[in-house]
Structure formats: C-alpha cells, structure tokens
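A short write-up of the structure that comes next.
The values are calculated or read from the model by the stated rules, or taken from the named source; none is laboratory data. No experiment lies behind these values; they were computed from the predicted model shown. Positions of Cβ are backbone-derived with ideal geometry, glycine not excepted, and every protein chain shown enters the neighbour counts.
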Amino acid sequence: MTRASEPLPHKGRYMTLSEVARELGLKSPGSIRNKIYAGDLVGVNVGTTGSSLRVTRESFDAYCARIEAEALARFGRAS
C-alpha cells in the first residue's frame, strides 16, 4: 500500500479520479471531475457506469508540467 506522498506503483494509460486526486494532494475526486469539465484534464468513460470516468495519463502529465511551469514563472521555483 502506498502513502499519499509516494508515486503510484504503475503508470497505466488511465487513472481513476481518486488516483489523480491523491497525486495532486486533493481530498475529493469531485475536484478532479471539475478539472475535467473545465478542460484542464482529459476524461474518458471506460465503461457504462458513472464510476467508469478516468483521466488519461498523458493529460495528467501535461497538467502537472503546466502547473509546475506556472509555479516556476510565478514564484521562481516549482512547489
């Protein structure tokens, strides 16, 4: 079992909303759903139920790079 501060043990193509929330240090997967609807992350349905929404690893990595670049530009260092 990994702690919240440890990276995920795998690098699959899709991540659950809970995995993304944990990686970003957020408490609610609902926050990730909001980021999908805002266009910050790419979400895909991998099944027919409401709990089948996933985030693409590619969009997650791009989002992380984008927020790190913004932190660097704003504060002079990545946080």
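Return the residue satisfying two criteria in turn: it lies in the range 56-77 and is exposed (fewer than 12 other Cβ atoms within 10 Å of the Cβ) and of a type in the set (Gly, Ala, Ser), and of such residues it is modelled with the highest pLDDT. Filtering the range 56-77 for residues that are exposed (fewer than 12 other Cβ atoms within 10 Å of the Cβ) and of a type in the set (Gly, Ala, Ser), the one modelled with the highest pLDDT comes out as Ala65. Within the range 68-75, does at least one residue satisfy the condition of being in a helix (DSSP H, G or I), free of Cβ contacts under 8 Å to residues at least 24 places away in the same chain and in contact with a helix residue (DSSP H, G or I) (Cβ under 9 Å, 6 or more places away or on another chain)? The answer is no, given that none of the residues of the range 68-75 is in a helix (DSSP H, G or I), free of Cβ contacts under 8 Å to residues at least 24 places away in the same chain and in contact with a helix residue (DSSP H, G or I) (Cβ under 9 Å, 6 or more places away or on another chain).
On the given criteria, is Gly47 assigned to a loop (DSSP other than H, G, I, E, B) and either at pLDDT 95 or above or among the basic types (Lys, Arg) (or both)? In short, no. Filtered by the rule that a residue be surrounded by fewer than 17 Cβ atoms within 10 Å (Cβ to Cβ) and out of contact with any helix residue (DSSP H, G or I) (no Cβ under 7 Å at 6 or more places or on another chain), the range 28-55 gives Gly30, Asn34, Tyr37, Ala38, Gly39, Val44, Gly47, Thr48, Thr49, Gly50, Ser51, Ser52.
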